[in-house]
Structure formats: C-alpha cells, structure tokens
1. Quickly run through the range 72-99 and pick out the residues that are surrounded by 14 or more Cβ atoms within 10 Å (Cβ to Cβ), touching a Gly at 6+ places or on another chain (Cβ under 9 Å) and either part of a loop (DSSP other than H, G, I, E, B) or touching a residue at least 60 places away in the same chain (Cβ under 8 Å) (or both).
2. Quick check on my filter: what residues within the range 2-38 are over 17 Å from Tyr185 (Cα atoms) and among the hydrophobic types (A, V, I, L, M, F, W, C)?
3. Please find, among Ala216, Ala210, Ala196, the residue that is free of Cβ contacts under 8 Å to residues at least 60 places away in the same chain, of a type in the set (A, V, I, L, M) and more than 9 Å from ligand 1 (Cβ to nearest atom).
4. Can you tell me which residue is nearest to ligand 1 (Cβ to nearest atom) among those in the range 162-173 that are of a type outside the set (Val, Ile, Thr) and not in a helix (DSSP H, G or I)?
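Just so it is clear, none of the values below were taken in a lab; they were calculated from the coordinates. Nothing here was measured: the structure is a model prediction, and the numbers come from that model. Neighbour counts are summed over all protein chains in view; Cβ atoms, including those assigned to glycine, are modelled from backbone coordinates with ideal geometry.
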Amino acid sequence: MAEQTAYKPGLDGVIATETKLSYLDVDAEEIVLRGYELIELAENKQYLDLVQLLLQGVLPDDEQRSSLEQELKKEYDLPADFFSLFSKLPKETNPMDALRTGISALAGYEKNLDGRREEEISKTALRLLAKIPNIVANSYHILHDEAVVEPKQELPYSTNFLYMITGKEPTQAEADYFDQSLMVYSEHEMPNSTFAARVIASTNADIYGALTGAVASLKGNLHGGANEAVMHMLLEGETTDGFRHLLYEKLNNKEKVMGFGHRVYMKKMDPRAALMKEALRELAVERKREDLFEMCEAGEQLMKEEKGLYPNLDYYAAPVYYLLGIPIDLYTPIFFAARTLGLCAHVSEQYTNNKLFRPRVLYTGPRGLHP
Ligand SMILES: CC(=O)SCCNC(=O)CCNC(=O)[C@H](O)C(C)(C)COP(=O)(O)OP(=O)(O)OC[C@H]1O[C@@H](n2cnc3c(N)ncnc32)[C@H](O)[C@@H]1OP(=O)(O)O
Ligand SMILES: O=C([O-])CC(=O)C(=O)O
C-alpha cells in the first residue's frame, strides 16, 4: 500500500515549501519579511524599499531607491494599442477579469519569456510592477468610458498609481496612506494566490501565466475579493446601528462576514489590520467621517463578542480606500498590484529551487466497477 500522509482539508497547517521571503509568526505577532518585521517596515519605509528588499534581499539606500524608481519609470508605458484590448471587452467586465486578461496579453510582448534565472526574473518583475498599476487604473477608465490617465513621470511611484486611479494629484498625506497600504498588501507568506502562482511556476511555466492564475485566485471573496465586499457591507449598513443590525442578520443566517477571520491568525487581530485601523482613525478625522470609523469599530466589537473573530487586513483597508476616493471595484486590483511584488519574488524562488507540485488524494469513490 502506498505511503499515506495525514489528509488536511484545505491543506490547513501543511508546510508547502521552504522560503526565505516571509513567515507569519503568530505567537510573536510578527510578519517576517526577509528578517524584518512588516509593520515596522510599513511604518518607516516606502513600497519601493520593499521592492528591493524582496527582489534583491536587501533594503536600498536613498540612491539605490531612486535608481530603482528610474528603472520602473522607464517601463510605465504599455505596448502601442494595448488599451484597445480593454475597449473590446463588454462594459460589465469585472476589473479583476480585465486585469487577468491584461497580464495574460502582456506575455506576448515579453522579450525574455523563457528567462528563469533570478536576475532575469527580477528584470521581468520590474516590468510587471511598472505596468500593472497602469493596467489597473486605465482598464477601469476604459470600461467606464473615461479618458485614459497617462502616468506622470515626475510623481513618485505610489503617488502616480493613485493619480492614475483618481485623475487628481493626491496630497502628500493621501499618497503616504496609499503607499502604506501597498506595503501591507505586498507579501504575506503562502496565501492561496501565492500558492497558485508557485504551483503554476513549478511546471516551469512562465511568470505571466503564474501571475494570471494568481489574479484569478485573488478575486475570490474568501481571499482578496473581501475588501470590496467589506465596503459594500459598510455602505449597506449606512449607520452604526444599521451595520450592527446587518451583521446580526448575517450571523443569524450563518453567512460569513467579509473582512473577519483568517486561516493563520483566526483568533487574533491581523497586525496589518491594526495598522490600517490607525490610518482610518486619522483619515476619518481629516475627512469628518468619524461615523465611518465608529461603524467599523462597532463591527469589530460585535464580531469579537459574538464569534470570537477578529478583523483581517481587508476590513480596515476597504474604508481607507473609500476615504481616499478610490472606486470600490478597484480595491482588489490594487491589492493585486501591491502583491505583484511578493508573487514575483515567490515565482523566482520557485524557479531557483524547483520541485513540481503534485500531491496525492484520499480516494473516496467506488472501486471494481466494469463498463
Ligand atoms: C487579505 C485576505 O485575503 S484575508 C482573508 C479575507 N477573506 C475574508 O475576509 C472572508 C471571510 N473570512 C473567511 O471566510 C474565513 O475566515 C477564511 C476563509 C479567511 C479563513 O477561514 P478557514 O481557515 O478556511 O476556516 P473556515 O472558513 O472553515 O472557518 C472556521 C469557522 O469559523 C467561522 N468563520 C470563519 N470566518 C468567518 C467569518 N468571516 N464570518 C463568520 N464566520 C466565520 C466558520 O463559519 C467556521 O465555523 P464552523 O466551524 O462553525 O463551521
Ligand atoms: O494569508 C492569507 O491567507 C491571506 C492574506 O491575508 C493575504 O494574502 O494577504
């Protein structure tokens, strides 16, 4: 009889791979990124610092960060006529589906699609990190019959991303909140989308295919899609009382409440959610939307008392994006744009130390039938 290992539904707790990139240390309440703690990085660094950290293994100095930014800026533009792809899609196309299509189509323009070495993947990763924000923002504009917002070379990377989304140059404070959100979304060990990307890369398939699969994974509301669902729920609740009523209704109907719970943290608050909660507290005061902050806090309290469940990052990132004036349909694509970094680093690591993913099953069907 073949050797049997314990079956864990959803691979809960199963170690899928070795990695030097990141680790969720639940007991120490730390998200470790190449030896640094993500929340400390997000409080003190910029998204571009994390780009160099994850792709090259070290934090950049000012000069290195600025040369990395120049590299990215050279790659902002999409191939000629690329946007016509989005104008051919039905207007109802979900922005995550448009993004999935866009990344898949970009593969045809990649000069080094067969490159698998770390230096080669790093270069491709920069091209993806430069172009994906442009695809996210402008596929949305095209699907909404709005004018394309071309990237502005003179703006910093994250500021330009937010500018392309809203069409307005953000204030420094707005750009900082957005940059911080990109950092906390950038990498998170082995979520479903990262696993999907690594599984695809493990066949020696190219990085565009791996990322296309990861977009499909991230769209689901048990994963990245939850941030949009949270915002719809908050808007449906309207007031603190209305929101509490809505949550009780969902719990009574045995529905899952989006933005709560996590496979790894589950009985603890996601440290990234705590950071976004502070961002929301400040932004709510600035925008005179303390009511929104109170609503979120009331929801957090109710879920803790009723279910012993805590917010994950999506719960507090959603209202932050709302107050930054970002269309709700773009919350998950923005999550993906930020996560492009972690995904590229994981795909590169997979190529460097590859073993094809091919698990076994616990067969529960019949035997011995004959046609
Ligand atoms: C950035 C991110 O991607 S974070 C994840 C974002 N996703 C969400 O916010 C969606 C809502 N949350 C969930 O569905 C879950 O917490 C998950 C999928 C994230 C993780 O859950 P899993 O580890 O698969 O556990 P599972 O879904 O089986 O939940 C375990 C128990 O907690 C309950 N539970 C977990 N999350 C929730 C929730 N958000 N609302 C209500 N009940 C919940 C389940 O109903 C289940 O109860 P039961 O044992 O009585 O059936
Ligand atoms: O880790 C997970 O399973 C989901 C998550 O929080 C993320 O991808 O950021």
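1. Within the range 72-99, Leu78, Phe82, Met96 meet the criteria.
2. Ala2, Ala6, Leu11, Val14, Ile15, Ala16, Val26, Ala28 - these are the residues of the range 2-38 that are over 17 Å from Tyr185 (Cα atoms) and among the hydrophobic types (A, V, I, L, M, F, W, C).
3. Result: Ala196 is the single residue among Ala216, Ala210, Ala196 that is free of Cβ contacts under 8 Å to residues at least 60 places away in the same chain, of a type in the set (A, V, I, L, M) and more than 9 Å from ligand 1 (Cβ to nearest atom).
4. It comes out as Pro170.
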